[in-house]
1. Within the range 143-156, identify whether any single residue is touching a Phe, Trp or Tyr at 6+ places or on another chain (Cβ under 9 Å) and farther than 19 Å from ARG294 by Cα, and answer yes or no.
2. Please go through the range 169-195 and give me each residue that is within 17 Å of PHE32 (Cα to Cα) and in contact (Cβ under 8 Å) with a residue 24 or more places away in the chain, ordered by number.
3. Looking at (1) open to solvent by 20 Å² or more (accessible area, probe 1.4 Å); (2) modelled with pLDDT of 80 or more; (3) within 26 Å of SER63 (Cβ to Cβ), find the lone condition where VAL406 falls short.
4. Taking the conditions exactly as written (in contact with a Lys or Arg (Cβ under 8 Å, 6 or more places away or on another chain), within 28 Å of PHE138 (Cα to Cα) and open to solvent by less than 10 Å² (accessible area, probe 1.4 Å)), does GLY340 satisfy them or not?
5. For HIS55, all conditions in the list (1) modelled with pLDDT of 95 or more; (2) open to solvent by 10 Å² or more (accessible area, probe 1.4 Å) hold save one; what is the number of the exception?
6. Considering only the range 113-128, state which residues are of a type in the set (Gly, Ala, Ser), surrounded by fewer than 24 Cβ atoms within 10 Å (Cβ to Cβ) and assigned to a helix (DSSP H, G or I).
7. May I ask you to list the residues in the range 387-412 that are of a type in the set (A, V, I, L, M, F, W, C) and more than 18 Å from GLY346 (Cβ to Cβ)?
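The values are calculated or read from the model by the stated rules, or taken from the named source; none is laboratory data. In this text the structure is predicted, and so the values were computed from the model without any measurement. Cβ placement follows ideal geometry from the backbone for every residue including glycine, while neighbour counts extend to all protein chains displayed. Side chains are part of the model used for accessible areas, which takes the heavy atoms of the whole protein and leaves out ligands, DNA and RNA. Shrake-Rupley method; radii C 1.70, N 1.55, O 1.52, S 1.80 Å.
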Amino acid sequence: MLGRQLSGGSDIANVPECQFGSEPWKVVIGCFCLTAPIYGLLSSVGLFQTYWRNHQLSVYSESEISWIISVFGFLDCFFGGPSGLLFDRYGVRWLLPLASIVYVASFIGLGFSSTYGQFMGCLSVAGMSAAIPTTVAFAVVSQWFSLREGIATGFVTLGAAVGGIFFSLVLQALFDHFPWKTSALVLSGVVSGFMLIGNMLVETNVSRRGASEKWDFAELSSLSKSLKFWLISYAFFAPPHLHVAYELVLFIQWGSIPTYAVSVGVGSNQFYLMMSYNVGAIIGRTIPLWVSDRKLGPLNTIILMNIVTLLTVVVVWLPFGASTVQALYVVVVLMGIGTGSFVPLGVACVSALCEPESTGTWLGSVYSFAGFATLIGNPSTGAILARYKSHGLVAFLAAILFSGLVSATALRWLCHGRRWIVRERI
């Protein structure tokens, strides 16, 4: 069964969240605190990359260093599948604290690292352990919300944008004033604070979670045969990331802005460009979600934002992005708005296709499929920039966005019973 189907709703899915009092919003704040130290760091990932390039890993190429970050993002997504199954089966009681401890420990280990292999090892552990908090943060929202699920999810995903701004400032200050070991240990303390708050506030809504005592893989079998699942996997999910087409664009944005800035001769602005991107992402994770909940629905809204982002790339970035610093700032803000909206809208679309008690399985499965986009996103950026320069990278992003638009449009057609209906909320 395909659950709420984007346009309808089951009885349990339409239970107003107001009946739970303030509990749903307490959970949302906790989920925000889980996403901030994971996706906030991922959206600041270019600063790690440039620091290593200038210090410990100066003998390695940009493309080689980028694989460290890409493996981090890949493992976060890839292990979303088993994390979703575990969440649907056990909830958060022991799963979330254990993963959070391992995640913090990996950053402590980073402080004692100085070689390529050590950095890769620590961030590989971080990626695997991050899969549980990120899957929980998105999946648990659908257990507490129905009427305002889009807005609630948007608030959760603000953790990436706000966290990106916060951790960009933290990393910049640490790298300017302290050696690597001290910087990493202080960063670990900050991360542990966020994770502690998240663990204290997030809990499962037992009234919307299945109570089966046995493992049931029927849902996995059902979704693997669903064309809608594969279309939404390719086109949408990100939580970050998470969808293949949009995740590839989003992850390239996170990792490539500093590198792109250097390639077009404005490397001194890379920190402020990342800040500008995250400011745009805050807008993208709020206003489009309000439009989705009140007017258009998540699928219509994500198609609209895809078109806006594609036009930004083709009309503004491709002809003008490499010409002036001012034009690049405009591009970065607009791309932040566009790609920032993909994450919460994608979550809303996925959760609408399944029942609340199987949300973790669906989200985690899409995570796993889309993990390969995060794996190739950052290295492909370096390779394309090296061979085809800045215009080649922008053209590549445009092609990926167009393929995502085709997939999203096909999904809309399927959800309307294989018919083209223009004016309908979905």
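1. No, there is no match, as no residue in the range 143-156 is touching a Phe, Trp or Tyr at 6+ places or on another chain (Cβ under 9 Å) and farther than 19 Å from ARG294 by Cα.
2. Residues of the range 169-195 within 17 Å of PHE32 (Cα to Cα): 190-195.
Within the range 169-195, VAL190, VAL191, SER192, PHE194, MET195 meet the criteria.
3. Condition not satisfied by VAL406: (3).
4. Values: in contact with a Lys or Arg (Cβ under 8 Å, 6 or more places away or on another chain): yes; within 28 Å of PHE138 (Cα to Cα): yes; open to solvent by less than 10 Å² (accessible area, probe 1.4 Å): yes.
Here the answer is yes, as GLY340 does meet what is asked.
5. Looking at each condition in turn, HIS55 falls short on (1).
6. Filtering the range 113-128 down to residues of a type in the set (Gly, Ala, Ser) leaves 113-114, 117, 121, 124, 126-127.
Still in the list and also surrounded by fewer than 24 Cβ atoms within 10 Å (Cβ to Cβ): 113-114, 117, 121, 124.
The answer is GLY117, GLY121, SER124.
7. Start the filter on the range 387-412 by keeping residues that are of a type in the set (A, V, I, L, M, F, W, C), which leaves 393-402, 405-406, 408, 410-411.
Those that are of a type in the set (A, V, I, L, M, F, W, C) and more than 18 Å from GLY346 (Cβ to Cβ): LEU393, VAL394, ALA395, PHE396, ALA398, ALA399.
Okay, residues lined up against (1) of a type in the set (Val, Ile, Thr); (2) open to solvent by less than 10 Å² (accessible area, probe 1.4 Å); (3) touching a Leu at 6+ places or on another chain (Cβ under 9 Å); (4) at pLDDT 55 or above:
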| site | (1), (2), (3), (4) |
| --- | --- |
| SER222 | no, no, yes, yes |
| LEU227 | no, no, yes, yes |
| LEU242 | no, yes, yes, no |
| GLU247 | no, yes, no, no |
| TYR277 | no, yes, no, yes |
| ARG294 | no, no, no, yes |
| PRO298 | no, no, yes, yes |
